[in-house]
């Protein structure tokens, strides 16, 4: 499976593409979409959307993983981040692929082993897991970590139950078990 990971941001949106075959992970591409802050909001969102579509066209991922927005102390910042995430989600939907969402805690726990890891720890583990020559940039590392998280969690979630588990009466939806 080829996974596109997205770390959304209004100023900098990271992307990372990996191939996953069983436990084997292979780096394909990564980068950062830098959005000029002097553009009007609508143009900034369009920039994110268009660049993600370019990444999809260039690397043909089969599935996408994106970081969920956390609620920040500053409501205005959270709202802007949510809009950037929305632009990214629209591009992923336009790419006609399944999209999976993970919290920063889930991503860090899956990649580093601690949900409270700092950015440098994420960069070091991404470098190690993908056998890169150097540390990836922070935004790219976060996006690659998101893709790695899906490589680790996605197949297990599918095996655990696209349907309902008989013992608990729970159903897996969007990576979470919910009561039916």
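Bear in mind that the values in this text are calculations on the coordinates, not laboratory data. Being a predicted model, the structure only gives us computed values, none of them experimental. We place every Cβ from the backbone using ideal geometry, glycine too, and count neighbours over all the protein chains shown.
What's the ranking of 78-89, 109-120, 53-64 by average number of surrounding C-beta atoms within 10 Å, highest first?
Numbers: 78-89: 18.8, 109-120: 15.0, 53-64: 16.7.
Those peptides, ordered most packed to least, come out 78-89, 53-64, 109-120.
If you wrap a convex hull around the Cα atoms of the stretch 1-137, how much volume per residue is inside, in Å³?
Numbers: hull volume 15.1 nm³, N = 137.
For the stretch 1-137, the hull spanned by Cα atoms encloses 110 Å³ per residue.
Order these peptides, 43-50, 135-142, by their mean beta-carbon neighbour count within 10 angstrom, highest first. Walk me through the intermediate numbers first.
Numbers: 43-50: 17.8, 135-142: 21.5.
Taking the mean over residues of other Cβ atoms within 10 Å, the ranking is 135-142, 43-50.
What do you get when you divide the Cα radius of gyration of the stretch 1-61 by 2.2 N^0.38 Å, with N the number of residues?
Numbers: Rg = 13.1 Å, N = 61, 2.2 N^0.38 = 10.5 Å.
Cα Rg divided by the expected 2.2 N^0.38 Å: 1.25.
Between the stretch 1-68 and the stretch 81-131, how far is it from one alpha carbon centroid to the other, in angstrom?
The stretch 1-68 and the stretch 81-131 have Cα centres separated by 10 Å.
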